[in-house]
Amino acid sequence: MKFLELVLQNFGPYVGTQIINLDPQVDDDDSRSIILLGGMNGGGKTTLMDAIRLALYGHRAQCSTRGNLSYSDFLSQCVNTKENSVEKARIELTFEHIEDDKPVKYKIVRYWTKEPKDGKDTLGILELGATVDNDWWLNTALVSIWDEYIENILPLGISNLFLFDGEQVKELAEQDAPPTLVFEAIRALLGLELAERLALDIDILVSRKRKELADSKELADLQKIEEILQQQQTEYETTALKLSKFNDELKLAEKQQQAAFDKFVSEGGKIATERNQLELLKEQKEKESEESRQGMCDLAANILPLALLEPLLTQAQNQAEKEFRITQAQVASDILVERDKRLLNWISQKGFAESEIEKIKAFIEQDEETSRANFLQPEESWLQADPESMSQLGNVLYALQNAKNIAKQQVTLLKNKESEIDTLERQIKTAAEPEAYKKLVKDLNIAQKQVAEIKTSCEITKRRLTELETQIKQTKKNLQEYSTENIERKNREHIITSVTRVQETLKVFRERLTRRKLNKLEVQVTDCFRYLLHKSDLVHRIAIETNSFSLSLYDLQGKIVPKHRLSAGEKQLLAIAFLWGLARVSGRNLPVAIDTPLGRLDSSHRSNLIERYFPSASHQVILLSTDTEISKSEVKKLRENQAIAREYLLKYDSSTRQTTIQPGYFY
């Protein structure tokens, strides 16, 4: 399928007739996938997406601005406000697809007035080339079966996989399980609706057979049980809707609670709560600081002042040691002199030659002279300290060094305590004033109370749902027992007694079918995510849970990768990979339209989408972007890669609140 042209006339902010050529075929030999439309926020991008949905699906279309409006009110709302009530709003969507192995072109035309006739639009389906003159002609037969026909081409259930916006991607990225629209699209894609419809049809068949087999009394009893079952099922649906509403309210209340808490913290409420503790801690730090100062005073009252004289004390110690060595040397010299005298006397008595004795005397005198030259002169010995004084001086210097080390530690400790005291004083000063603090506490308590109340309502509703499930199960069991015990006609009984086996078989079939298709989907989503992320070592495999379709990520070692480890941009790429994988698994060659595709991505992740996703997402990719999403550099890269077939600018006039469509882009 390929969109060729979209025509808007007096639709939403689009005044007059606006024509957009959506054909990706530039010429006979050149086809480029991307159709780029630029527009500022509020300029009509989402309205253009709504126009495509409305053209395709009419009253079934899931348009962004419809909400709970009736189709008639929604159509009235879509008529351009500048036009009078007699002017018509009109949408034309031309597309091409393959039918019986041949390309065919259709033009969907829907138009209506400010007051739609019978609350509906008028639908026309034009077919090209079915007549001799190769012109458009009205295919009335196709108009009557259009809903069934378009379901075969682009089913409504999976349309959100191909026509989606940035908010849908954001919601899918932030939640653990897919949002409702994507959840239903997956179910439609997996064929689960068909299996459930078959199970419902079987229940209807069994109900009819029970009524055929029962007599009047049995029929009355049977109808009573079925009425009870119907009431229980109705209450279950109502309660489920109520639970969904409570869950939505809970999300909003939790956001408000977080906002109140953030305000409480930012405006000093948290510090005010801890003020007493901070003041006590400050007093303790001041006491410890005073103790450090007292320790410094004690040191100053003892030996520490001698640190001022430490160089002189060290000099005195060195001088005393020198003089001690001189004294020892002089004693040794005197001993040697006495020995030399005894030696000379002995030599003289032994009758040595006089010349030899003179040589020995000369040697001894020279040796004594050399030894005396190496000693300090007597005038250098001025301290004359005794050994006890030297020992006391050494002890003083040792004690002084210890005192200096302790003093340094005390100074460092004192500085740290004073820094901590300054920090505590600043925190105390930032605490909110009592009245402001009371208001912050009140707002926070209100928000917390609201969250608690809604959680209580959620729990009560969940319990009621569980009770209803049990009651419905019991009622169905009663119906089964009623059929088994009171209806004994064999031919029709066989249908009833076979239902349980059929339902079990159908259940197994549905589970296996789901798992089989999810396995294919897991492979596609993993490949798409790894391709977009361009970080192959982060995630090796992605698994999809069977019931909730939530995603689980695993690394190469088979260990789970928590989703919170992904950045906001990586989560958005994961969401896009999920949608891309679903579209590929669908097996349908359909166009993709994306509104605000790059809202929360950083530059590197944007580059991955620009280069890897947009050109490959489909044979036709319609991008609706603001000037900050696909900026000058991104559009330049797409042009250089010859990926853009056509460019348009949605020009919004804020004074008239009207939008016109012009060729070209912002840059």
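The values are calculated or read from the model by the stated rules, or taken from the named source; none is laboratory data. Quantities reported herein were computed from a predicted structural model and do not represent experimental measurements. Methodologically, a virtual Cβ is constructed for each residue, glycine included, from the backbone with ideal geometry; neighbour enumeration extends over all protein chains shown. The area values use the complete protein model at the heavy-atom level, side chains included, leaving out ligands, DNA and RNA. Shrake-Rupley method; radii C 1.70, N 1.55, O 1.52, S 1.80 Å.
Structure values in brief
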{"item": "Selected residue (only one of A195, A173, A185 is open to solvent by less than 20 Å² (accessible area, probe 1.4 Å), farther than 18 Å from S550 by Cα and in a helix (DSSP H, G or I))", "result": "A195"}
{"item": "Filter result (over 22 Å from P13 (Cα atoms) and out of contact with any strand residue (DSSP E or B) (no Cβ under 7 Å at 6 or more places or on another chain)) within the stretch 636-663", "result": "K636, K637, R639, E640, N641, Q642"}
{"item": "From the options D73, D100, D135, residue that is of a type in the set (D, E) and either touching a Ser or Thr at 6+ places or on another chain (Cβ under 9 Å) or surrounded by 13 or more Cβ atoms within 10 Å (Cβ to Cβ) (or both)", "result": "D73"}
{"item": "Complete set of residues in the stretch 351-373 that are exposed (fewer than 10 other Cβ atoms within 10 Å of the Cβ), among the hydrophobic types (A, V, I, L, M, F, W, C) and within 26 Å of Q330 (Cα to Cα)", "result": "A373"}
{"item": "Some residue of the stretch 23-43 being polar (S, T, N, Q) and either more than 17 Å from I622 (Cβ to Cβ) or crowded, with 21+ Cβ neighbours inside 10 Å (or both)", "result": "yes"}
{"item": "Count of residues meeting criterion [open to solvent by 60 Å² or more (accessible area, probe 1.4 Å) and of a type in the set (S, T, N, Q)] in the stretch 308-330", "result": "5"}
{"item": "Of all residues making up the stretch 82-97, the number that are over 18 Å from D121 (Cα atoms) and modelled with pLDDT under 90", "result": "1"}
{"item": "Any hit, the stretch 206-227, residues being under 28 Å from the mean Cα position of the chain (by Cα), farther than 22 Å from E469 by Cβ, at pLDDT below 85 and among the aliphatic types (A, V, I, L, M)", "result": "no"}
{"item": "Test: residue in the stretch 297-307 that is within 60 Å of the chain's Cα centre (by Cα), touching a residue at least 24 places away in the same chain (Cβ under 8 Å) and either open to solvent by less than 60 Å² (accessible area, probe 1.4 Å) or under 30 Å from K417 (Cα atoms) (or both)", "result": "yes"}
{"item": "Residue check, T239 modelled with pLDDT of 90 or more and open to solvent by 60 Å² or more (accessible area, probe 1.4 Å)", "result": "no"}
{"item": "Exclusive hit being over 30 Å from W382 (Cβ atoms), assigned to a helix (DSSP H, G or I), among the polar types (S, T, N, Q) and open to solvent by less than 80 Å² (accessible area, probe 1.4 Å), set S348, S333", "result": "S348"}
{"item": "In the stretch 2-46, residue modelled with the lowest pLDDT [restricted to those that are polar (S, T, N, Q) and within 34 Å of the chain's Cα centre (by Cα)]", "result": "N41"}
{"item": "Answer residue from the stretch 546-557, given it is touching a residue at least 12 places away in the same chain (Cβ under 8 Å) and open to solvent by less than 90 Å² (accessible area, probe 1.4 Å) and is farthest from the chain's Cα centre (by Cα) among those", "result": "T546"}
{"item": "Contacts under 7 angstrom Cβ, first residue in the stretch 6-26 being in contact (Cβ under 8 Å) with a residue 12 or more places away in the chain and among the charged types (D, E, K, R), partner assigned to a strand (DSSP E or B) and open to solvent by less than 30 Å² (accessible area, probe 1.4 Å), 6 or more apart", "result": "D23/L4"}
